[in-house]
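Computed from the coordinates by the stated procedures, all read-outs in this text should not be read as laboratory data. Keep in mind that this is a model prediction, so the values were computed, not measured. Note: ideal-geometry Cβ built from the backbone for every residue, glycine included; neighbour counts use all protein chains shown.
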Ligand code: ROI
């Protein structure tokens, strides 16, 4: 049977981060890979941002970005696709907590949905505390509302922009 694309897509915002193994190349490759996820299109992505590591010091600075996807997959399937991309790019999951990483892909927002499952919490629970997530997100959608949390711009005003540079 011919595969029918689902009739409508959800706007999903993805956070990208890398601080190992040529981070710019890691993000470039991740953006290409995001566009190859079934029933999903990459609509646009932010600039890359250099950010000081949150977590143990002594690790390299991160590159962060955000991407907007039009996605017809249910959230758990999208999560699995993101984990596949991370694994293909050499992500090692047994490193130290908050240690360096080749590629991190997080579902920041899935439409206006609030998801609270053991394997997936959306909006991403740390979104409002992290300028390296909020700044790229706001570049994509300056008026963005975080479901249940209020305006992204207000959170960034609270968090501030220390330690992050737009490239
Ligand atoms: N720190 C920065 N600056 N950017 C990240 O993407 C990032 N990701 C993480 C931890 C280790 C918490 N620190 C980070 O997972």
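Taking all pairs of distinct Cα atoms, average 1/r, flip it, and tell me the Kirkwood hydrodynamic radius of segment 14-68 in Å to one decimal place. If you can, show how the numbers build up before the last one.
Numbers: mean 1/r = 0.0842 Å⁻¹.
Taking every pair of different Cα atoms in segment 14-68, averaging 1/r and inverting gives 11.9 Å.
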- Quote to one decimal, in nm, the extra length available between residue 54 and residue 8 on full extension: 0.36 nm per residue of separation minus the C-alpha distance between them. 12.9 nm
- Over the chain, equivalent-ellipsoid semi-axes from the Cα gyration tensor in Å: 24, 20, 15
- Item | Theoretical gain in end-to-end length, residue 154 to residue 61 [0.36 nm per residue, Cα-Cα removed] | 30.9 nm
- Potential extension, residue 22-residue 41 segment - 0.36 nm per residue separation minus Cα distance: 4.3 nm
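Run lengths n ≥ 4 of DSSP H only: what is the helix-derived mean residue ellipticity at 222 nm for the chain, with -39500 (n - 2.57) per run over all residues, to the nearest 500?
-8000 deg cm²/dmol
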- Cα→Cβ-extended label distance, 7 Å offset, between residue 87 and residue 139, nm: 3.0
- Task: Please express the Cα-Cα pair-distance distribution P(r) of segment 69-144 as a list of whole percents, one per 5 Å bin, running from 0 to the bin with the greatest distance.
- Result: 3, 13, 21, 24, 24, 12, 3, 0
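Please report the relative contact order for the chain, taking Cα pairs under 8 Å with a sequence separation of at least 6, and give it as a percent rounded to a whole number.
Relative contact order, the chain: 28 percent.
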